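These notes are about the structure you will find just below.
The values are calculated or read from the model by the stated rules, or taken from the named source; none is laboratory data. None of the values given here were measured: they were computed from a predicted structure. Please note: Cβ atoms are built from the backbone with ideal geometry, for glycine as well, and neighbour counts cover all protein chains shown. Ligands, DNA and RNA are excluded from the accessible area calculation, which covers all protein heavy atoms including side chains. Shrake-Rupley method; radii C 1.70, N 1.55, O 1.52, S 1.80 Å.
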Amino acid sequence: MVVAYTIADLIKKGLEALEEGEYNNPLLDSQLLLCNVLNVDKIYTYTHKDQVVDSHFVDKFLNLIDKRKSGYPIQYILKNQEFMGLDFFVKEGVLIPRPDTEVLVEYIIDIVNKGYFNNKDTIKIVDIGTGSGAITLSLAHYLENVHIYSIDVSDIALQVATENSKKLGLESKVTFLNGDLFEPLEKLKLQNSIDIIVSNPPYIPTNDIAGLQKEVAEYEPKLALDGGDDGLDFYRRIVKDSGKYLSDNGVLAMEIGYNQGAAVRKMLEEDKGNVPLSCVEIIKDLAGHDRVVVGFFKAIENGDCKLLP
Ligand SMILES: C[S@@+](CC[C@H](N)C(=O)[O-])C[C@H]1O[C@@H](n2cnc3c(N)ncnc32)[C@H](O)[C@@H]1O
């Protein structure tokens, strides 16, 4: 006997299947997956809940529910993640942008808008570890006079970020570069000219990756997660070379793990290879955890580091 399922039946069926696992929002996932299969928005599923769904779409939906149940991230199925109010295309092979990273982006937008670089026609920014382009393209969207050199070693990341830059109409404000950390900047002769270096580098200690949520450990790229034995490898390398590229008034701002604040602060304050960054601040996320470390080449005013309230 062929069972006829309505929209409401299928959402319930998906919800019940996903409730057996550890998912944040099984109802929303079930709704979004059905919307994806039927190519409709969420409102449609409320206003047409008694509509009978064609068996071809039922099969497609149940397959997606199985995929999701196996831990596959919903963002890779929907090929989308919202970040800073913008829609980013994502796919397997690129990190899904996280809300925590918005703390870093908002901080930079704030210091620019509060006039830290007032005298500049174009603020030059380098983003190390582009990923989907979440940081780069949000800064390019919300800040007027910026040009961003955005670097990644991953071809997939650069393809996805380039596609996002086209989608968001920001191509002219970004130069994507393939290479290892600062290496692609060498030939562009950008030494001592960068106003802001920003990065959300891989920062998970290698041995901790297997213990992360299955969605992350099994499906997100290790290249975007693995920060070496203590998780701090990229901070050491970025801090060591940042002095060579930052302008006199330059700022280095990086996302950090909740327990890495003290170690990364020490690196910035003691940086042996360069002039130490004169002011170092740690910014907390909404949960009250250390989330961003910022170093200023020069104190903001009269030796004071505090630009923001
Ligand atoms: C944690 S992800 C951040 C992605 C994106 N900026 C975001 O916040 O969503 C780190 C990124 O660094 C890139 N990466 C890893 N090693 C790198 C290296 N040696 N040089 C440049 N990028 C690197 C990864 O491919 C990945 O896209």
Item to complete: Please tell me if residue 107 is open to solvent by 20 Å² or more (accessible area, probe 1.4 Å), hydroxyl-bearing (Ser, Thr, Tyr) and out of contact with any Phe, Trp or Tyr (no Cβ under 6 Å at 6 or more places or on another chain).
Response: no
Worksheet item: What is the residue count in the stretch 195-253 for residues that are surrounded by fewer than 16 Cβ atoms within 10 Å (Cβ to Cβ), part of a strand (DSSP E or B) and within 12 Å of the ligand (Cβ to nearest atom)?
Response: 0
Practice prompt. Could you run through the stretch 82-106 and say how many residues are part of a loop (DSSP other than H, G, I, E, B) and under 18 Å from residue 219 (Cβ atoms)?
Written response: 10
Item to complete: Quick one: in the stretch 121-169, of everything that is small (Gly, Ala, Ser) and in a loop (DSSP other than H, G, I, E, B), which residue is nearest to residue 241 (Cα to Cα)?
Response: 129
Item to complete: Determine, yes or no, whether residue 151 is within 15 Å of the chain's Cα centre (by Cα) and hydrophobic (A, V, I, L, M, F, W, C).
Response: yes
Item to complete: With the condition kept exactly as written, say whether any residue in the stretch 53-74 is of a type in the set (Ser, Thr, Tyr) and open to solvent by 70 Å² or more (accessible area, probe 1.4 Å).
Response: yes
Worksheet entry | Failed criterion for residue 179 (all others in (1) within 18 Å of the chain's Cα centre (by Cα); (2) within 12 Å of the ligand (Cβ to nearest atom); (3) of a type in the set (Gly, Ala, Ser) hold) | (1)
